[in-house]
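Only the coordinates and a few stated rules stand behind these numbers; no lab work does. This is a predicted model, so every value here is computed, not measured. Glycine also receives a Cβ, built like all others from the backbone with ideal geometry; neighbour counts cover every protein chain displayed.
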Amino acid sequence: MILPYWAMAVNPFLVTTVRLQEERGQYVVKSGPYRFVRHPMYTGAVFLALASPLLLGSWWMFVPEGIAAAAIIGRTVLEDRTLQAELSGYAEYARQIRYRLLPGVW
């Protein structure tokens, strides 16, 4: 899936933990996949988690992968809350780009 790599290419502030990078002059990235959803890396991760059982041909894998997908979705809620409270311009961006993971859905 190309979406996570596209997100990495356009967002110089992408890290695995939620933290503001004031020392690097962090700003809201609005280009690339961020024009459509607020968390394109997580979109890719959720799709990968849900596609893995199909690719492996194992229905049992939907249990742990479903839990992983739910955890990722939950993280977007917490990350959004943090960014809206602490990153200048993110609240306005969230009003413009309404969808966190999937355009037209959520």
Region 92-106 - phi-based ³J(HN,Hα) in whole Hz, Karplus 6.51/-1.76/1.60, Gly and Pro as x: 5, 4, 5, 6, 6, 9, 6, 9, 7, 10, 9, x, x, 10, 7
Angle between the chain longest axis and helix 40-56 axis [Cα atoms, degrees, rounded to 10]: 10
Cut-off 18 Å, label 7 Å out along Cα→Cβ of ARG35, residues of region 74-106 by amide N: 93-104
Spin-label pair TRP6/VAL105, simplified geometry with 7 Å Cα→Cβ offset, distance in nm: 1.6
Exposure proxy ranking, count of Cβ atoms within 10 Å, fewest first, for GLU79, GLU22, GLU86: GLU22, GLU86, GLU79
Gap separating the Cα centres of region 69-103 and region 3-67, nearest whole Å: 12
